[in-house]
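Below is one structure, written out as C-alpha cells; comments come after it.
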Amino acid sequence: MASETPRTRNNRHTLSVGLLLFALLGLVVGTAGYILSARNYSSHNAFLVHNGQPLKVTTARGENITLALQINDGISGYWASDQGLELRLDGVDTPLLVVGPKEQTWGSTITTSSKDTGEFTVAGSVTLPSSISGPETRPLSGTLSGRIVYPSGGILFQDKALDISVPIQIQLIPQGSQLWSGGRLLFDIFAGLDLLCGVLLLLLAVWALLRAIFGKRGTRESSAPRDSWQQFKDWLWALGGGLFLAAVCTLLLVGLFAGLTSAGISTPAPDDVRGLNLLMPGIVGLSVLLGLVGAMLKDESQKRTQAR
C-alpha cells in the first residue's frame, strides 16, 4: 500500500482540527442555549401540586406534562401507594396514570438525618391524548386522585394515609402555539445541537483511536524493546488515569447540567430534560476516555519510531 503523502496528512489533520473546533464551539453554544431553554421548558411543562388546591395548566393535545405532588410532613422521602396517582379528564373514558403503584419499603425503624426537612414530592408525567374531542382551543376539567401512605412524625412515627384530590383546569391550545409558548421548539433545537456536537466529538475520538491502533501495525519494533511487564504497568496506570479523568468529567457535567437546569425551579424537570442531563455528560465522558486512550497509543507509537 502506498504511503500517505505529507499533503494528504496535512489535509486530514486540518479537517480533524476543524471538526474538533466546530464540535467544541457547538458544545459551548449548545450547552448555554440548552440550559436556558431547558429551564424555560421545565417551567411551562412541570407543575407543583398541593393536595386540595386547584391547578391551572396550559398545554396542547399530545404534550407531556410533569406533575409533582408536594408532601410536607414525611420522613426521608418514603411513600407507598397501591394504585398510584391517576388523572381523570372530562370526556376521556380511561384514567391516565401519572404515578405508578409503589410498594412500602420502610419498616418499624427508619434511619434519617437532621437535614431531613420532611418535604418531598411524588412526581410523575402524563401525555394528554391526541384524541380529545372539541375545538383546538378549549377548557378541559379533570382531577388528580389517588391514595398515598407515608411515615410521619418524630422518633415515634406512624404511617399516614393521604387521599389525594386535586382539581385541574387545563386550557388546551393549538400544537403550533404550544411549541413557542411552552418552550419546546427552542429546547429541541439546542438539545439537538448539543447531541450533534457530542456525537461528532465521540466519532472524532473513535477515529483517533482507530488511527492509533492500526497505525501501530505499520511501525517496526524498536531494536531495544521495552520490558513487557513495565509496559503493561505503564498502560495500566495510564488507562486507570483515563478512566478516572473521564469519570470525574462525567460526574462534574452531570452535576452542572442538573444544577443549572433546575436551580430556582421548585418542580422536578420533565423526563426528556432529566434524560439529556445524563446522556450528554455520558457522551462527553466517553469521548474523553477514548481520546486519552488514542493519545496514549499514538505516544507509544512515536516513542518506538524515535527509538529505531
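If you check Gln70 against the conditions, is it touching a residue at least 60 places away in the same chain (Cβ under 8 Å), over 16 Å from Thr261 (Cβ atoms), surrounded by fewer than 20 Cβ atoms within 10 Å (Cβ to Cβ) and in the same structural domain as Pro95 (by TED's automatic domain parsing)? Walk me through it before giving the result.
Numbers: touching a residue at least 60 places away in the same chain (Cβ under 8 Å): no; over 16 Å from Thr261 (Cβ atoms): yes; surrounded by fewer than 20 Cβ atoms within 10 Å (Cβ to Cβ): yes; in the same structural domain as Pro95 (by TED's automatic domain parsing): yes.
No: the conditions fail for Gln70.
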*Look through the range 268-308, keep the residues that are of a type in the set (Ser, Thr, Tyr) and at pLDDT below 70, and return whichever of them is nearest to Thr66 (Cα to Cα).*
Ser301
*Quick one: is Ser76 more than 17 Å from Ser141 (Cα to Cα), small (Gly, Ala, Ser) and either under 22 Å from the mean Cα position of the chain (by Cα) or surrounded by 16 or more Cβ atoms within 10 Å (Cβ to Cβ) (or both)?*
no
*Which one of Val166, Val149 is within 16 Å of Asn72 (Cβ to Cβ), part of a strand (DSSP E or B), touching an Asp or Glu at 6+ places or on another chain (Cβ under 6 Å) and not acidic (Asp, Glu)?*
Val149
*Could you tell me which of the residues Leu156, Leu89 is buried (at least 16 other Cβ atoms within 10 Å of the Cβ) and either outside the structural domain of Thr267 (by TED's automatic domain parsing) or in contact with a strand residue (DSSP E or B) (Cβ under 6 Å, 6 or more places away or on another chain) (or both)?*
Leu89
*Within the bounds of the range 17-33, is there any residue that is outside any strand (DSSP E or B), under 30 Å from Leu87 (Cβ atoms) and either without any contact (Cβ under 8 Å) to a residue 12 or more places away in the chain or in contact with a Phe, Trp or Tyr (Cβ under 7 Å, 6 or more places away or on another chain) (or both)?*
no
*Which residues, taken from the range 98-110, are under 11 Å from Tyr78 (Cβ atoms) and in contact (Cβ under 8 Å) with a residue 24 or more places away in the chain?*
Gln104, Thr105, Trp106, Ile110
*State yes or no: is Lys56 of a type in the set (D, E, K, R), loosely packed, with under 14 Cβ neighbours inside 10 Å and out of contact with any Pro (no Cβ under 6 Å at 6 or more places or on another chain)?*
yes
*asked:* As an exercise: evaluate Ala161 against (1) surrounded by fewer than 12 Cβ atoms within 10 Å (Cβ to Cβ); (2) touching a Lys or Arg at 6+ places or on another chain (Cβ under 8 Å); (3) assigned by TED's automatic domain parsing to the domain that holds Leu24 and give the number of the one condition it does not meet.
replied: (3)
*Selection from the range 114-127 of residues that are of a type outside the set (Val, Ile, Thr) and either under 30 Å from Ile170 (Cβ atoms) or under 28 Å from the mean Cα position of the chain (by Cα) (or both)*: Lys115, Asp116, Gly118, Glu119, Phe120, Ala123, Gly124, Ser125
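The values are calculated or read from the model by the stated rules, or taken from the named source; none is laboratory data. None of these values were measured; they are calculated from a predicted model. Ideal geometry is used to build each Cβ from the backbone, glycine not excepted, and the neighbour counts take in all protein chains shown.
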